[in-house]
Amino acid sequence: MKSTMMADPLSLHHVVERAKRLFPSSSVVSSMPDGTRRAHTFAQVVERAEALALALKALGVGPGDRVATLCWNHHVHLECYFGIPLAGAVLHTLNLRLTPQEIAWIARDGGARVAIVDDVLLPLYARIAEHHAFETIVVHSFGGEAAAAVASGARTGIPYEALIGPHLGKPCVPPTHEENDPVAMCYTSGTTGRPKGVVYSHRSTVLHALVASLPDICGLSGRDRMLVFTPMFHVNAWGMPFAALMHGTRVIFPGMHLDAERVLDLICEQQPTIAFGVPTFWLAIRQAMERAPDRWRLPQGMRCLAGGAPVPESLAACFAERAVHIVPGWGMTETSPLGTLNYRSPEWAARSSPDAPFPHTAAGIVVPLVRIRIQGAEGELPWDGASAGEIQVRGPTITGGYQGIERDPEKHTEDGWLRTGDVGTIDSCGYLRITDRLKDMVKSGGEWISSVALENALMGHPAVAEAAVIAVPHEKWQERPIACIVFRAGRTATPEELNGFLSASFSKWQLPDRYEVLTELPKTSTGKFWKLKLRERFPR
């Protein structure tokens, strides 16, 4: 017997057609550098994306070719998300927070000949071009003035509006494709080596958008107002723009102003119902509100999805007091990125007493279509909430290799699972807790100390704003933990007071040997604490 179902391929083009036909009046709001807002309808965004596709074809861009973007979060970048695939090409977002040399290496490895660049980023591009230049630069006028300057090193420079203008309103027929054809590419952070390219397919992108939209996951609908704070160069802004167009969800972009105060102004003005960001961003939001408690009021019921690092208990409690929900999740570039999300499962409800505390800071339950396991030295570990090992995953939204690398034995097991490098436990109800990164755990006297557990506990102290724990060499114990902390404004505490605070949850041998007080902690391009830089600064 054979299935009678049609073999229509899963395609991002269907999402574009759906948005154009069903949600033409839904809106996209972009914050401009001068503080003004610019609004576009989905109909306008799709028309301009189709014009971009036709223009790219006229430039000789064809199926499988890469087109790079060096842009902030705004409507033109959203047009690139759809216009580049409509041309049959592959969207390659460049991380503008990396060094020019790092961006040049990624651009060269990715192989794009054309790049779309914000005019405010032309000085950065000029430094990139010293190491790698594109053949054609399309300059988007984001700074408020006409983009007349052409980036150095490019053979051709074209203003974005001049590029798409002749094609506006013309019919755009995307090329036929297979559902496993590439649609977008993002490079890993490369904190432990050269970045690697993860190439997403039409199939994986559509499946990820559908899974993310489910009620127990992000619960996305056309009635939502979505603040896309997560950079659009980072894992396709967690895939949320694709889901937004699928449902007609209003999209709010913060532009290039990502400081907490301006984002809070935008939140109060636009009243988003859902927002996305790494925990360090939400920590900055909390600190800003504490400095000016009467200035901002967050929309009650807003869901704040937090991924990239564990969520401190103190942060979740602070937002809960304001009737705002911090929703932890876990994932990475290799997982599209959504791997787990925290929600109240029926299994937890059935097993727990009415007054049992919910594990609201756990990374959550593995999302549909993805399989997860905890792997130890001797094999797979039980889901008992105590056995810690490496988190490994597989599924249709998980990468099976890297650009130019069919299978990396350090990242993929012989039986095809992705080795994430994260360490965690899973309890009997399926809740994942991240206990550390393999490279960040402290081994003292043969026993492991979780840097994440110490950090989250320290950030629960009323004087501590941020904390990062690293291992330093020790003659007797092999390694010992030290804590790098940032105090809240007007607050301070002695090492003895901090260790006394930790003693309620940790044994004496687990406590940091010393504290380094900093004005700020270094952060990676995606907003995580950059422990590599701390280890370089404090080698012992």
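Going by the alpha-carbon gyration tensor, a ≥ b ≥ c the square roots of its eigenvalues, is the range 431-498 rounded (a/c under 1.5) or, if a/c is not under 1.5, prolate (a/b greater than b/c) versus oblate?
Oblate, because a/c is 1.5 or more while a/b does not exceed b/c.
Hey, fewest Cβ within 10 Å first, where do Asp355, Asp118, Asp34, Asp216 land in order?
With the fewest neighbours first, Asp355, Asp118, Asp34, Asp216 line up as Asp355, Asp34, Asp216, Asp118.
Defining a contact as two alpha carbons under 8 Å apart and six or more residues distant in sequence, what relative contact order in percent does the range 259-437 show?
Averaging sequence separation for qualifying contacts and normalising by length gives 16 percent for the range 259-437.
Using only helices, what value at 222 nm comes out for the chain when you add -39,500 (n - 2.57) per DSSP H run of length 4 or more and divide by the total residues, to the nearest 500 deg cm²/dmol?
It comes out at -8000 deg cm²/dmol, rounded to the nearest 500.
Excluding residues on the same chain fewer than 8 positions from Lys533, give the aspartates and glutamates whose Cα lies under 13 Å from its Cα.
Hits, sequence-local ones excluded: Asp440, Glu520.
Going through the range 58-131, which GluC sites (Glu not before Pro) have at most 14 other Cβ atoms within 10 Å and a DSSP loop state?
Glu130
Which order do Thr425, Thr494 fall in if you start with the one that has the fewest other Cβ atoms within 10 Å?
Going from sparsest to densest Cβ surroundings: Thr494, Thr425.
Rounded, prolate or oblate: which fits the range 21-225, taking a ≥ b ≥ c as square roots of the Cα gyration tensor eigenvalues, rounded meaning a/c under 1.5, else prolate when a/b beats b/c?
rounded
If we count every other residue with Cβ under 11 angstrom of Val486's Cβ, Lys/Arg +1 and Asp/Glu -1, where does the sum land?
-1
Are any of the pairs Lys443/Lys531; Lys57/Lys196; Lys20/Lys170; Lys439/Lys528; Lys439/Lys508 more than 18 Å apart by Cα-Cα distance, and if so, which?
Violating the 18 Å limit, Cα to Cα: Lys57/Lys196; Lys439/Lys508.
How would Trp448, Trp417 line up from fewest to most surrounding beta-carbon atoms within 10 angstrom?
If I rank by nearby Cβ atoms, fewest first, I get Trp448, Trp417.
For the range 27-94, run through the trypsin sites (Lys or Arg not before Pro) and keep only the ones in DSSP coil with at most 15 other Cβ atoms within 10 Å of their Cβ.
In loop regions of the range 27-94 (DSSP not H, G, I, E or B), there are no sparsely surrounded trypsin sites (Lys or Arg not before Pro).
For a test of the definition: using alpha carbon positions, the gyration tensor, and the 1.5 limit on a/c, classify the range 442-537 as rounded, prolate or oblate.
Taking the square roots of the gyration eigenvalues as a ≥ b ≥ c, the range 442-537 is oblate.
For the chain, what is the relative contact order in percent, using Cα pairs closer than 8 Å and at least 6 residues apart in sequence?
Over the chain, the number comes to 10 percent.
Read-outs: derived from the displayed coordinates by stated rules, not from any lab. As the structure is a prediction and not an experimental result, all values here were calculated from the model. With ideal geometry, Cβ positions are generated from the backbone for all residues, glycine too; neighbour counts draw on all protein chains shown.
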